[in-house]
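Worksheet: the structure to be examined is printed underneath.
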Amino acid sequence: MTLRACFIGLLVLISQSGYAAIDTYEFKDDLTRERFQALSAELRCPKCQNQNIADSNSPIAKDLRDELYRMLDSGASDTAIVDFMVTRYGEFVLYRPRVSSQTYLLWYAPAGLFIIGIVVVIALTRRKKTAGKPAEKDGLSAQEQQRLDALLKQDQDKDA
């Protein structure tokens with residue numbers, strides 16, 4: 001009997017999560033609904049940081065969704081809405097921050113690091129190629145070349 005009561009209590013607690021509040025918004029037309037979905041997917045939740053406001057259950061994300069709905073309902077443009085959110089929460093609220101003097105490093109550092117990596121690989125490859133080549137004979141005087149040939153011949157005779 002006690003086990004059955006615990007099991008029923010557990011089922012009741014688990015089933016309560018299905019009654020979580022779901023935002024329902026009435027839109028004028030399908031275009032406004034699509035704009036709402038696109039903007040809520042593009043704006044980042046300031047609290048959750050890795051979720052957009054469409055997916056987040058935090059109170060601030062709900063407030064942002066309500067504000068987004070209010071602004072869309074009043075006829076604000078997407079640019080005006082994004083500007084409002086950026087003014088209020090900073091560039092962090094955007095998943096794709098705008099290119100500006102504050103975000104140059106964010107946008108161009110990966111390309112710069114990639115180019116530096118290519119230059120380093122090319123330099124190392126060239127260094128290995130030149131290190132593996134024997135000294136050129138043209139750089140030796142005739143006397144030095146004869147001495148080198150004699151030493152090499154001596155070395156070959158010892159090995160044989």
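The values are calculated or read from the model by the stated rules, or taken from the named source; none is laboratory data. All values reported here derive from a predicted model rather than from experimental measurement. Quick reminder, even Gly has a Cβ in these numbers, built from the backbone with ideal geometry, and neighbours come from all protein chains shown. Just so you know, the surface numbers come from the protein's heavy atoms only, side chains and all, with ligands and any DNA or RNA stripped out. Shrake-Rupley method; radii C 1.70, N 1.55, O 1.52, S 1.80 Å.
Set the Förster radius R0 to 30 Å, insert the Cβ-Cβ distance between Ala5 and Asn57 as r into 1/(1 + (r/R0)^6), and round the FRET efficiency to 0.05. Intermediate results must be reported in sequence, preceding the final value.
Numbers: r = 31 Å, r/R0 = 1.03.
Result of the calculation: an efficiency of 0.45.
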Next item on the list: Work out how much length Phe92 to Asp66 would gain on full extension: take 0.36 nm times their residue separation and subtract the Cα-Cα distance, in nm to one decimal.
Entry: 7.4 nm
Note to self: How far apart, in nanometres, would the label points at Gln145 and Leu113 be if each is projected 7 angstrom from Cα along the Cα-to-Cβ direction?
What the structure shows: 5.2 nm
Checklist line | Accessible carbon and sulfur surface of segment 23-160 relative to its total accessible area, %, 1.4 Å | finding: 55 percent
Next item on the list: Mind giving me the nanometre distance, one decimal, between the label points for Thr103 and Lys128, set 7 Å out from Cα along Cα→Cβ?
Entry: 4.0 nm
Notebook entry, point to check: So which lysines can Lys128 reach, going by Cα to Cα under 22 Å and dropping same-chain residues fewer than 8 places off?
Noted result: Lys137
Next item on the list: Apply 1/(1 + (r/R0)^6) to the Cβ-Cβ distance of Asp73 and Ala41, taking R0 = 22 Å, and write down the FRET efficiency to the nearest 0.05.
Entry: 0.75
